[in-house]
Amino acid sequence: MLNLLEGYKKSLEINGKMYNNINEAIQDLKEYEGELTIILNKENEINKKENNPEQPQDSIIPIYKIKVKQYMTKPSTPQFDFHDKWNNGNPMPMRIMVGKKIKETKGMVQMELWGEITEEITNYCMKCGKPLTNPVSKYFGIGPECGGHNYTNPFETEEELIAAINNMQEQLKNIKWTGWIIKSAIEEEVYLEDRRLD
């Protein structure tokens, strides 16, 4: 199908991934089998938005926190090759993530996700999904094995602890992933808020 677009010189989006040109996409997807969602002229839409001051630069969209089954964070195997087919071989980096829905089908949802601590006390590790029992881990939102921190509180003051929590929050926000998720793999979906995203 992509061969039909040979000669197309502009950037395009295929299954949520941006390519500079069709040749780059053909090379990347030469082994791919499955459905393709292709968006052409996306660059033109972006430029149109930037050059039109009357059009809002941001929008308010619903934000969700989701928890997925462990297999969504594992690399593709011969038995489960979903990520190779739909996510360019990139599994989700964490089991609990926050983000917005981009597209939805009967059995899948495409989301743009990032790490974010949404509660003062977190009961499950955002990386592996295991229950958290240690007070420090509950503040960090991530367990000692996944986060590389101590079981004991290494901070002398509450200010130091809060600074460490804020630092962990910034690190989590830098963990970003966009891709397709099997709906039956979503163990929990919680609407958080409508949020303005730039």
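The values are calculated or read from the model by the stated rules, or taken from the named source; none is laboratory data. Fair warning: this is a prediction, and the values are worked out from it, not measured in the lab. Positions of Cβ are generated from backbone atoms using ideal geometry, with glycine treated the same way; all protein chains shown enter the neighbour counts.
See the values below:
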read-out	value
Unmet criterion (only one of (1) out of contact with any Phe, Trp or Tyr (no Cβ under 7 Å at 6 or more places or on another chain); (2) within 15 Å of LYS176 (Cβ to Cβ)) for MET97	(1)
Meets criteria (under 22 Å from GLN171 (Cα atoms) and under 16 Å from the mean Cα position of the chain (by Cα)) for PRO131	no
Lone qualifier among ILE117, ILE181 - being of a type outside the set (Gly, Ala, Ser), crowded, with 16+ Cβ neighbours inside 10 Å and over 19 Å from TYR71 (Cβ atoms)	ILE117
Segment 9-27: number of residues that are among the acidic types (Asp, Glu) and over 21 Å from ILE102 (Cα atoms)	1
Yes/no for ILE181 being within 17 Å of PRO93 (Cβ to Cβ) and in a strand (DSSP E or B)	yes
Selection within segment 60-87 - farther than 18 Å from CYS128 by Cα and in a loop (DSSP other than H, G, I, E, B)	THR77, PRO78, GLN79, PHE80, ASP81, ASN87
Failed item in (1) touching a helix residue (DSSP H, G or I) at 6+ places or on another chain (Cβ under 8 Å); (2) buried (at least 18 other Cβ atoms within 10 Å of the Cβ); (3) within 30 Å of HIS83 (Cβ to Cβ), with ASN123 passing the rest	(2)
Hits in segment 89-105 - residues which are out of contact with any Lys or Arg (no Cβ under 6 Å at 6 or more places or on another chain) and in contact (Cβ under 8 Å) with a residue 40 or more places away in the chain	ASN90, MET92, PRO93, MET97, LYS100, ILE102, LYS103
All positions within segment 126-149 that are surrounded by fewer than 11 Cβ atoms within 10 Å (Cβ to Cβ) and modelled with pLDDT under 80	GLY148
Segment 88-112, residues that are of a type outside the set (A, V, I, L, M, F, W, C) and in a strand (DSSP E or B)	GLY99, LYS100, LYS101, LYS103, GLU104, GLN110, GLU112
Total residues in segment 113-125, condition of a type outside the set (A, V, I, L, M) and either modelled with pLDDT of 95 or more or part of a strand (DSSP E or B) (or both)	2
